[in-house]
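J.: Once you've had a glance at the structure underneath, I'll fire off some questions.
The values are calculated or read from the model by the stated rules, or taken from the named source; none is laboratory data. Please read all numbers here as calculations on a predicted model, not as lab measurements. Cβ placement follows ideal geometry from the backbone for every residue including glycine, while neighbour counts extend to all protein chains displayed. Accessible surface is based on the protein model in full, side chains and every heavy atom, while ligands, DNA and RNA are left aside. Shrake-Rupley method; radii C 1.70, N 1.55, O 1.52, S 1.80 Å.
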Amino acid sequence: MKQFGGYDDYKKFNTDVQNAQQLKNFDLAEYRQVIHETIVSMYSVLIRQVQDGLKQYIVPAILHHDETARGKSRRTMSLDISPEQGRSEPELLVQQLDCLYNHLSSFGLEGCYIEQIFTQLMYYICAVSVNNLMLRGDLCMWKTGMKLRYNMGCLEGWVRTMKMAPDVMKPFLPLNQISSILQARKTEEDVHTLLELSTALSTAQVLKIIKSYKTDDCENQIKPAFIEKLTQQLNLRSEQRESDTYMMAEEMVSPLMVVFKYSEVNLEEIDVPPELNLDGLVTKI
């Protein structure tokens with residue numbers, strides 16, 4: 001509608017034939033606005049539906065799966081979801097994402113929109129994972145950090161395989177930092193390091209992890225002096241932040257960026273299938 005709507009800004013890449021096909025007696029501005037709003041609304045509905053379908057796969061894939069146990073965690077065995085045909089929990093989550101990617105590609109959706117959709121889904125996967133971890137003190141241990149790294153790596157590998165931009169994985173920064181904190185040393189000398197490792201986390205999130213942390217036989221117990229010093233430094237940093245909660249907003253959906261994509265389709269080469277019964281409504285140029 002922009003390319004053939006008679007707008008000079010969108011005609012510069014057209015051929016002479018395409019510019020001769022510009023609309024001259026119609027202003028499509030109002031129609032463009034309606035279609036824009038419809039696209040944004042459809043995007044929001046699609047995201048909600050896909051998120052609902054993904055939710056059951058997220059916690060088993062990101063928090064519970066332990067590759068060192070060959071993909072079989074005791075927690076997963078108690079769920080109705082069981083690995084299919086030997087697939088691990090991360091592979092099942094990737095399978096859902098892969099199916100969606102193939103559907104979107106089969107409809108010819110532009111890559112810039114596909115990447116926006118998956119960036120939003122990665123945020124949702126991260127938010128659900130973080131929120132469950134914050135409520136599960138039993139998972140706050142060194143081994144969970146190792147599991148997170150592997151399981152997130154499965155998603156990152158899939159994104160690379162699909163040749164999507166690395167920015168698609170950016171929403172996972174909070175979970176990446178949680179993984180680093182779980183595996184970092186926790187002494188008074190390490191406070192500065194923990195501050196550097198938690199730039200994407202709130203004070204409440206960092207303290208929730210530290211206070212829930214379960215040490216193993218190879219680690220020293222966390223000392224109250226360390227927690228006090230860390231709390232002081234985090235509070236100084238949090239004065240510059242608007243929010244300080246340990247839960248992420250799972251329902252947040254980033255706005256869709258609708259971009260203009262030049263079409264190389266020639267109108268004179270388009271055939272209107274008779275099955276659409278558009279005779280009298282559409283006339284071929």
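J.: For the stretch 26-57, what are the residues that are in contact with a Gly (Cβ under 6 Å, 6 or more places away or on another chain) and assigned to a helix (DSSP H, G or I)?
T.: Scanning the stretch 26-57 gives no hits.
J.: On to the next question. For the stretch 148-168, give me the residue count where each residue is open to solvent by 30 Å² or more (accessible area, probe 1.4 Å) and not small (Gly, Ala, Ser).
T.: The number of residues fulfilling the criteria is 10.
J.: Based on what the data block shows, is Gln177 surrounded by fewer than 17 Cβ atoms within 10 Å (Cβ to Cβ) and not aliphatic (A, V, I, L, M)?
T.: no
J.: Those residues that are within 19 Å of Val265 (Cα to Cα) and in contact (Cβ under 8 Å) with a residue 12 or more places away in the chain, I need them from the stretch 16-55; list them, please.
T.: Passing the criteria: Val17, Gln18, Gln21, Gln22, Leu23.
J.: Output the number of the condition that Lys170 fails; it satisfies all remaining conditions of (1) at pLDDT 95 or above; (2) more than 21 Å from Leu139 (Cβ to Cβ); (3) in contact with a Leu (Cβ under 9 Å, 6 or more places away or on another chain).
T.: That leaves (3) as the condition not met.
J.: For Ala249, all conditions in the list (1) open to solvent by 50 Å² or more (accessible area, probe 1.4 Å); (2) under 27 Å from Leu155 (Cα atoms); (3) not in a helix (DSSP H, G or I) hold save one; what is the number of the exception?
T.: Failing condition for Ala249: (1).
J.: Then there's this: Residue by residue through the stretch 1-25, note down the ones that are hydrophobic (A, V, I, L, M, F, W, C) and in a helix (DSSP H, G or I).
T.: Correct list: Val17, Ala20.
J.: Within the stretch 182-205, which residues are surrounded by 21 or more Cβ atoms within 10 Å (Cβ to Cβ) and in a helix (DSSP H, G or I)?
T.: Leu182, Leu194, Thr203, Gln205
J.: Give me a count of the residues in the stretch 245-285 that are aromatic (Phe, Trp, Tyr) and either on the phi > 0 side of the Ramachandran plot or out of contact with any Ser or Thr (no Cβ under 7 Å at 6 or more places or on another chain) (or both).
T.: Qualifying residue count for the region: 2.
J.: Same structure, new question: In the stretch 70-104, which residue that is over 25 Å from Met134 (Cα atoms) and at pLDDT below 95 is surrounded by the most Cβ atoms within 10 Å (Cβ to Cβ)?
T.: It comes out as Pro83.
J.: Still on this structure, I have one more. Can you find, within the stretch 206-245, the residue that is least open to solvent (accessible area, probe 1.4 Å) among those that are touching a residue at least 40 places away in the same chain (Cβ under 8 Å), more than 18 Å from Gln183 (Cβ to Cβ) and assigned to a helix (DSSP H, G or I)?
T.: Per the stated criteria, the residue is Arg237.
J.: It is to be established whether one or more residues within the stretch 170-181 are within 26 Å of Pro60 (Cα to Cα), touching a residue at least 60 places away in the same chain (Cβ under 8 Å), outside any helix (DSSP H, G or I) and not acidic (Asp, Glu).
T.: no
J.: Select from the stretch 31-69 the residues that are farther than 18 Å from Met257 by Cα and among the small types (Gly, Ala, Ser) and write down the one among them that is modelled with the lowest pLDDT.
T.: Ala69
J.: In this structure, does Thr203 turn out to be under 29 Å from the mean Cα position of the chain (by Cα), farther than 28 Å from Ser44 by Cα and in contact (Cβ under 8 Å) with a residue 40 or more places away in the chain?
T.: Answer is yes for this residue.
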